[in-house]
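Working notes, beginning with the structure itself.
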Amino acid sequence: MQVCNFICIFAQMKLKTIHLEQTDSTNRWLREHMGEADADITVVTADYQTAGRGQGSNTWESEQGKNLLFSMLVRPKYVPVQRQYLLSMTHALALYDTLSSYTDGISIKWPNDIYWHDRKICGTLIELGINSDGINSCIFGTGIDVNQRLFRSDAPNPVSLWQILGRETDLKEVLDKVICCIQTRMDLLINGRFEEISSNYHEHLYRREGLHSYRDDDGEFQARLIRVADDGRLWLCDSQGKERSYMFKEVAFVI
């Protein structure tokens, strides 16, 4: 069931938006200007990023002005540190809600990607700020492939909304939907509805059913997905019935 109906009713959440024509990284920009972010949610968009990043050493290919590139700052002091992955779940669900309004076949791929069938349409880099009081800041740096028609990098499986729909989509429209959906999903988090968030997240996971191929340091194996824990750990059960758990970058999906 799609939660977001794109009518933003959470006026009590103070929202601030900033647009940049170009920057090296919206995450870096927002991190350096965090002290000026006095809103509940601060969103920074850019037409082009010269050094957009993915997880680890990955980069994000984006043709100038064609895709939606943004970073979002929230201050989620209401989320326990030991359950920090609920933030990733919440953001992923908002992106799922948004993209599902345009096409079927959308799912959430652990840890931070959105897929259309077996192809990646969206990725997010998450940066947490933690101190003695808990989580004091969270920056989501997201790229959604919207209007790019051709990908030239060696990324294995990118796809854009243009390639799916055969037409251009207004970037501001997509951003407005994301913001509305993140407000809707964040409201659940603020009100402590953690189990509902986790349940919704698992309903929409990529490869949530059946045996599939994965690869770790010991080689390729078949497994079914059991769950994603609130600390972000992925739990699988291999074809021999043995449970395996992995943190980020410890296992790869074989697609």
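Things worth noting here:
- Filtered by the rule that a residue be over 20 Å from Met72 (Cα atoms) and without any contact (Cβ under 8 Å) to a residue 12 or more places away in the chain, the range 117-149 gives a lone residue, Ser132.
- Selection over the range 217-255 of residues that are in contact (Cβ under 8 Å) with a residue 12 or more places away in the chain, out of contact with any Leu (no Cβ under 8 Å at 6 or more places or on another chain) and small (Gly, Ala, Ser) gives a count of 3.
- Asp133, sole failed condition from (1) at pLDDT 95 or above; (2) outside the structural domain of Gly232 (by TED's automatic domain parsing); (3) loosely packed, with under 15 Cβ neighbours inside 10 Å; (4) under 25 Å from Gln84 (Cβ atoms): (1)
- Within the range 5-22, residues that are under 13 Å from Asp176 (Cα atoms) reach partners that are among the small types (Gly, Ala, Ser) and at pLDDT 60 or above with beta carbons closer than 8 Å, at six or more positions or on different chains, in the pairs Phe6/Ser101; Leu15/Ala39; Lys16/Ala37; Lys16/Ala39.
- Arg215 being touching a strand residue (DSSP E or B) at 6+ places or on another chain (Cβ under 9 Å), in a loop (DSSP other than H, G, I, E, B) and either surrounded by 16 or more Cβ atoms within 10 Å (Cβ to Cβ) or at pLDDT 95 or above (or both): no
- Scanning the range 136-147 for residues that are in a strand (DSSP E or B), among the aliphatic types (A, V, I, L, M) and either touching a Ser or Thr at 6+ places or on another chain (Cβ under 7 Å) or surrounded by fewer than 19 Cβ atoms within 10 Å (Cβ to Cβ) (or both) yields a single hit, Ile139.
- In the range 98-148, the residues that are over 23 Å from Ala46 (Cβ atoms) and under 12 Å from the mean Cα position of the chain (by Cα): Ser107, Ile108, Lys109, Trp110, Pro111, Tyr115
- Positions within the range 230-255 being closer than 12 Å to Pro111 by Cα and charged (D, E, K, R), in sequence order: Asp230, Asp231, Arg233, Lys249, Glu250
- Members of the range 230-247 that are loosely packed, with under 14 Cβ neighbours inside 10 Å and under 17 Å from the mean Cα position of the chain (by Cα): Asp231, Met247
- Checking each residue in the range 58-97 for being in contact with a strand residue (DSSP E or B) (Cβ under 8 Å, 6 or more places away or on another chain) and farther than 28 Å from Tyr246 by Cβ picks out Ser62, Gln64, Gly65, Asn67, Leu68, Leu69, Phe70, Leu73, Arg75, Lys77.
- Failed condition for Leu189, given (1) farther than 30 Å from Ser137 by Cα; (2) assigned by TED's automatic domain parsing to the domain that holds Ile139; (3) of a type outside the set (D, E, K, R): (1)
Residue-wise test of (1) more than 16 Å from Asp187 (Cα to Cα); (2) surrounded by fewer than 18 Cβ atoms within 10 Å (Cβ to Cβ); (3) at pLDDT below 90.
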residue	(1), (2), (3)
Val43	yes, no, no
Arg53	yes, no, yes
Thr59	yes, yes, yes
Ser62	yes, no, yes
Met72	no, no, no
Val81	yes, yes, no
Thr90	no, no, no
Leu93	no, no, no
Ile108	yes, no, no
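- The range 198-229, residues that are closer than 30 Å to Ile135 by Cα and over 18 Å from the mean Cα position of the chain (by Cα): Leu225, Ile226
- Of all residues in the range 151-172, those that are more than 19 Å from the chain's Cα centre (by Cα) and hydroxyl-bearing (Ser, Thr, Tyr) total 2.
- Selected residue (criterion: farthest from Glu195 (Cα to Cα)) from residues of the range 148-185 that are surrounded by fewer than 18 Cβ atoms within 10 Å (Cβ to Cβ) and basic (Lys, Arg): Arg152
The values are calculated or read from the model by the stated rules, or taken from the named source; none is laboratory data. Note that the structure is predicted; figures quoted are calculated from it, not measured. A quick note on method: Cβ atoms are made from the backbone with ideal geometry, for glycine too, and the neighbour counts reach across all protein chains shown.
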